[in-house]
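Encoded as structure tokens, the structure appears first; notes follow it.
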Amino acid sequence: CDALAERGGVLQLAGEPGEEHVLSFERFPQLALSKTYNTNQQTPDSAGTMTAMITGVKTLAGVLSVDGRVRRGDCASSQGAEVPTLFELAEDAGLATGVVSTARITHATPGATYAHTPERDWEVDSTVPAEAREAGCEDIAAQFLSFDHGDGVDLALGGGRVLFMPAEQDDPEYPFLAGRRTDGRDLVAEWQAANPGAHYVWNAEQFAAVPDDGAKVLGLFEPSHMQWEADRARDAGGEPSLAEMTRFAIERLAAKETGYVLVVEAGRIDHGHHAVNAYRALTDTIALSDAVAVADALTSDDDTLIIVTADHSHTLTIAGYPTRGNPILGLVVSNDASGAPAEAPMTDAFGLPYTTLGYANGAGYHGAS
């Protein structure tokens, strides 16, 4: 620390070198390891891995809550291959259920809690091939409404608004965007009609005004994914943080006094890495840590199990030998022969400085999450 001060080094966000910092979930008493391969891929995707977590059945990449007999994108192969999800078991047992995500609630991780499909990209009817629709395969957004266990999912907060809206309807926050549904269905209106007294919200003001009446809540805060935490304050309509949504969900579900299952996803960490944007990925990781701290504070170890996990890793690397406390988003400054911080950044074989963090997938690569 003294050496950092002497050379005017920039400390990390918490005002410390950073290496000794611990996130909220790193203080948990138990640690375990998992292998996250799909049945057909060494490197998995979130659809197959979330299926494994929410059903206990390992399956192939790109499918939600169906077993390994299916062929991706083949509707007929998925019929009869559905496997019960934890949400279905919980609702059948009288427990409450809730899902929170900074991604679209139809995306792979949240979608696997309530939907069964041979193709994770069938989030809205306009993406489902005609032959699959004719064969009886429903898009993921529609399956949120047709979930028929217990009294249905009690709470869902996240993004994906336009996937619930007909093409003739403009988005309330971004009028230049329209709904993505070509079947003419307004799923929000249908959900409200099926759940009298339930609350639908799409901005922070409406979210804050939801009464404490125990009714169901559906919050769709963005047309697609929610904002990265680093950008959230500039959102036009305003949207709650992951920690705020987590607090809301736990307090509302716990009030039912039946017990509950809640899935919370910090989905934009993954998207930050796919965009080779370490700053946004790491900022959203802090948001996840804040949400876990809220969950831990609101619950008791006597009756609540909190599991914090990832469904796959990414290609983020730490290069070279940065000195202790080196800015994690900055250039690599190593130590000199005496072990003290060097005066200038290290350079590569071309004589160029390089950053501490890098991506082994190459600049600008975008892939499935």
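The values are calculated or read from the model by the stated rules, or taken from the named source; none is laboratory data. This structure is a prediction, so every number in the text was calculated from the model and none was measured. Reconstructed Cβ throughout: ideal geometry from the backbone, glycine too, with neighbour counts over all protein chains shown. All accessible areas refer to the heavy atoms of the entire protein, side chains included, with ligands and DNA or RNA removed. Shrake-Rupley method; radii C 1.70, N 1.55, O 1.52, S 1.80 Å.
A compact table of results
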quantity	calculated
Residue in region 291-298 that is in contact with a His (Cβ under 7 Å, 6 or more places away or on another chain) and open to solvent by less than 30 Å² (accessible area, probe 1.4 Å) present	no
Residue, farthest from R72 (Cα to Cα), within region 120-136, restricted to residues that are over 21 Å from the mean Cα position of the chain (by Cα) and open to solvent by less than 20 Å² (accessible area, probe 1.4 Å)	D125
Region 261-280 residues that are closer than 16 Å to D231 by Cα, paired with ones that are open to solvent by 20 Å² or more (accessible area, probe 1.4 Å) and among the β-branched types (V, I, T) (beta carbon under 6 Å, 6 or more apart)	I269/T285
All positions within region 157-185 that are assigned to a strand (DSSP E or B) and buried (at least 24 other Cβ atoms within 10 Å of the Cβ)	L157, G158, G159
Matching entry among A96, A108, A76, A132 (being among the small types (G, A, S), within 25 Å of P44 (Cβ to Cβ), in contact with a strand residue (DSSP E or B) (Cβ under 8 Å, 6 or more places away or on another chain) and at pLDDT 95 or above)	A108
Whichever residue in region 141-154 is out of contact with any Lys or Arg (no Cβ under 6 Å at 6 or more places or on another chain) and within 15 Å of L220 (Cα to Cα) and, among such residues, is surrounded by the fewest Cβ atoms within 10 Å (Cβ to Cβ)	L145
Residue check for L298: at pLDDT below 95 and of a type outside the set (D, E, K, R)	no
Strands (runs of 3 or more DSSP E) (entirely within region 191-270) containing at least 2 residues that are hydrophobic (A, V, I, L, M, F, W, C)	217-220, 260-265
Residue satisfying all of: in region 270-299; closer than 20 Å to V100 by Cβ and of a type in the set (S, T, Y); nearest to the chain's Cα centre (by Cα) among these	T285
Test: T117 is surrounded by fewer than 23 Cβ atoms within 10 Å (Cβ to Cβ) and out of contact with any Phe, Trp or Tyr (no Cβ under 6 Å at 6 or more places or on another chain)	no
